[in-house]
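Q: Dropping a structure here in structure tokens format, bear with me for questions.
The values are calculated or read from the model by the stated rules, or taken from the named source; none is laboratory data. Treat the numbers as computed from the prediction; the structure is a model and nothing was measured. Here the Cβ positions follow ideal geometry from the backbone for every residue, glycine too, while neighbour counts run over all protein chains shown. For the accessible areas, the whole protein counts, side chains as well, though only heavy atoms, and no ligand, DNA or RNA atoms are used. Shrake-Rupley method; radii C 1.70, N 1.55, O 1.52, S 1.80 Å.
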Amino acid sequence: MDLPIQSLAVVGAGAMGSGIAALFAAQGLDVVLIDPVPGALERAAGVIDRQLGVYAPDAVAETRRRIRMEAGLEAACSCDLVIEAIPEKLELKRDIFARLDTLCRPETIFATNTSGLSINAIAQAVTRRDRFVGTHFFTPADVIPLVEVVRNDDTSPATVERVMAALRGVGKRPVLVNRDIPGFIANRIQHALAREAISLLEQGIASAEDIDEVVKWSLGIRLALTGPLEQRDMNGIDVHHAIATYLYPDLENRTTPSPLLAEKVANGHIGAKAGQGFYAWPAERREQVLRDKSAALGDLVAWLNSRQTG
């Protein structure tokens, strides 16, 4: 494997960190997965086995041997790249990086996996801001190809190229976000879509099942092959402008979460991990959906790649 890094540390052994560790280890890289929370590494082993069992069933044992599990940050000290994948709390991330900054070699590159926290704000915790980037992976991290690589104001071009080369080397499709803005690219688009979908549900326009059906079997299929800007070109920008003129005023545009969303959170109906969200999620259904989704996404990614290469 021709990669610009020889060793990787992943800090945080949740679903995202486990997926990142499995991704790089499956491509032959030595990885240390770090988490001090009791039981976290044991749970991560189960997640990694499940994911590898979906897309690399013959390589589970070999891949697992490349992942060393440790509780202390000291295990990251000699790695070329450290990817942090802990919960989305700014001060917690800054504390971790401040400690890593004193432990790791000066040439080590730091990357924070965040869905939208400010990369500049997190990078303030380190002295090596030129070697600090955001790397926004998508769940499941070892299956979804895209990674948003986000610069902070001081990130060097060499750091960007090295990180993007490492991601390409393990089969990812990195894109560069030139400016640190909340939500980057994907989550801004995703939250705009979700805001409208939740509003339609809240107004009783359609059921959750039917709203999801519309997205999956119209927009979803099309967007897998054509992005929203390319689709505007295909449809005609004049047509889009005409529709936008009458539709935009009627779209959901509130700047705070909807009452329905707030009610769900207040009642503990926070999704599959709690057994209830917009849908009911018995434990066995959740596990089956995760397995089926990973397998289906893997097949879809392979098909899309074959179209581009063949």
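Q: By how many nm would the segment from Ala266 to Asp154 lengthen if fully extended, with 0.36 nm per residue of separation less the alpha-carbon distance?
A: 36.3 nm
Q: His240 label point, 7 Å along Cα→Cβ, cut-off 19 Å on backbone N: hits in region 170-212?
A: 185-194, 196
Q: OK, next. In Å², what does the accessible area per residue of the chain work out to with a 1.4 Å probe?
A: Spelled out: the 1.4 Å probe surface of the chain, per residue, equals 54 Å².
Q: Which translational diffusion coefficient, to the nearest whole µm²/s, is obtained for the chain from the Stokes-Einstein equation, given a Kirkwood hydrodynamic radius over C-alpha pairs, 25 °C and 0.890 mPa s?
A: 116
Q: Can you find, among Thr255, Ser207, Ala197, the residue sitting farthest towards the positive end of the charge dipole of region 172-260, where Lys and Arg contribute +1 and Asp and Glu -1 at Cβ?
A: So the residue we want is Thr255.
Q: Kindly sort Tyr246, Tyr279 by accessible area of their heavy atoms, largest first, with the probe set to 1.4 Å.
A: In descending accessible area the options line up as Tyr246, Tyr279.
Q: Additional query: Work out, step by step, the length gained on full extension between Ala192 and Tyr248: first 0.36 nm times the residue separation, then minus their alpha carbon distance; give nm to one decimal.
A: Stretched out fully, the Ala192 to Tyr248 stretch lengthens by 18.9 nm.
Q: Note the angle between two axes, namely the Cα long axis of helix 283-309 and the longest principal axis of the Cα atoms of the chain, as a number of degrees from 0 to 90, rounded to the nearest 10.
A: That works out to roughly 90 degrees.
Q: Moving on. Run lengths n ≥ 4 of DSSP H only: what is the helix-derived mean residue ellipticity at 222 nm for the chain, with -39500 (n - 2.57) per run over all residues, to the nearest 500?
A: Calculated from helices alone, the mean residue ellipticity at 222 nm is -14500 deg cm²/dmol.
Q: What do you get for Rg/Rh of region 1-93 when both radii come from the Cα atoms and Rh is the Kirkwood radius?
A: Ratio of gyration radius to Kirkwood radius for region 1-93: 0.95.
Q: Could you report the accessible area of Ile205 in Å², rounded to 10, computed with a 1.4 Å probe on the protein chains as they sit in the structure?
A: 110
Q: Just reorder Thr159, Thr245 by solvent-accessible area, largest first, 1.4 Å probe, all chains present.
A: Descending order: Thr245, Thr159.
Q: Pop out the carbon and sulfur fraction of the accessible area of the chain as a percent, whole number, probe 1.4 Å.
A: 57
Q: Would you mind getting the Kirkwood hydrodynamic radius of region 49-169 from its Cα pairs, rounded to one decimal in Å?
A: 15.3
Q: What ranking of Met164, Met234, Met69 comes out by heavy-atom accessible area, probe 1.4 Å, highest first?
A: Of Met164, Met234, Met69, the descending order of accessible area is Met234, Met69, Met164.
Q: Then there's this: If I model a spin label at Ser207 and Ala59 as a point 7 Å from the Cα along the Cα→Cβ vector, what separation in nanometres do I get?
A: 4.2
Q: Under the rule a/c < 1.5 gives rounded, and otherwise a/b versus b/c splits prolate from oblate, where does region 152-299 land using the Cα gyration tensor?
A: Cα axes put region 152-299 in the oblate bin.
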